[in-house]
Amino acid sequence: MLTAHAALNAELLTDPPRGHLAWGSQHFLGQAQGLYPVLSCDRMKGWQWRYTQLPTEMEDTLSGEEGEEEEEEEPAPAPAPQDPVEPQLTEASQVLGASEIKQLQLHLQLSLHLPPRVTGHPWSLVFCTSRDGFSLRRLYRQMEGHSGPVLLLLRDQDGQMFGAFSSSAIRLSKGFYGTGETFLFSFSPQLKVFKWTGHNSFFVKGDLDSLMMGSGSGQFGLWLDGDLYHGGSYPCATFNNEVLARREQFCIKELEAWVLS
């Protein structure tokens with residue numbers, strides 16, 4: 001089969017200009033230079049033959065490739081990251097002050113550490129010592145019927161604010177329970193989070209007389225007694241945390257438990 005250029009050349013060469021004795025020599029000379037005869041019309045001279053340069057097959061190929069490159073669509077820009085959802089408290093907190101609320105809601109420092117499945121859920125206050133009294137057993141009773149994650153907020157007699165996030169509701173247990181989503185935190189004054197190290201799985205353990213979160217070498221990251229008045233905080237292997245309060249042993253002024261589901 002003839003190529004497109006060969007067919008065009010054959011058509012152009014079927015009717016050479018008559019009376020032109022030098023036609024053959026000019027034709028072969030033109031082809032050697034890449035020129036081909038083309039019939040054109042001039043208003044003064046009428047129809048006449050002239051030589052023009054047609055694109056070679058290589059030029060056609062390159063031109064086609066350039067056209068294909070030009071037709072390629074630019075990739076769509078990546079969607080802008082969505083802003084984190086601000087936490088919504090169902091009522092005012094007696095533990096967190098204006099500065100802490102600003103950190104949580106405007107800067108979302110705590111929400112950035114929350115697991116994706118609970119980010120943006122309202123925070124429902126299910127227990128607070130100012131309303132329900134200083135009793136761990138009462139805390140367990142208030143937690144009944146709730147399965148979602150829990151945020152414990154504490155303020156001690158020194159005014160230090162700290163707490164813990166439990167991936168499941170606080171309850172009585174024979175052993176430790178929870179998941180690697182559990183963490184401890186403190187405000188000093190900025191929010192500081194101590195996440196699971198993977199060293200052990202001593203997340204949460206609830207007794208009638210105490211509540212413990214994080215453990216290692218006989219010490220607890222956060223420990224609360226049965227009257228929810230005395231507590232302690234020590235570095236532990238579970239979270240590799242610092243002492244959450246200003247002192248290892250502290251007295252609780254206010255405690256709140258918020259369910260995030």
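Computed values, structure above
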| quantity | calculated |
| --- | --- |
| Loop-located GluC sites (Glu not before Pro) in the stretch 176-261 whose Cβ has at most 16 other Cβ within 10 Å (DSSP) | Glu242, Glu248 |
| The stretch 176-261 shape via C-alpha gyration tensor axes, a/c threshold 1.5 | rounded |
| Shape call, the stretch 134-204: gyration tensor on alpha carbons, a/c limit 1.5 | oblate |
| Under Karplus coefficients 6.51, -1.76 and 1.60, residue-wise ³J(HN,Hα) of the stretch 225-235 in Hz, glycine/proline x | 8, x, 8, 6, 10, 9, x, x, 9, 9, x |
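Taken together, the values in this text are just the output of simple stated rules run on the coordinates, not laboratory data. All of these numbers come straight from a predicted model, not from anything done at the bench. Backbone-built Cβ (ideal geometry, glycine too); neighbour counts: all protein chains shown.
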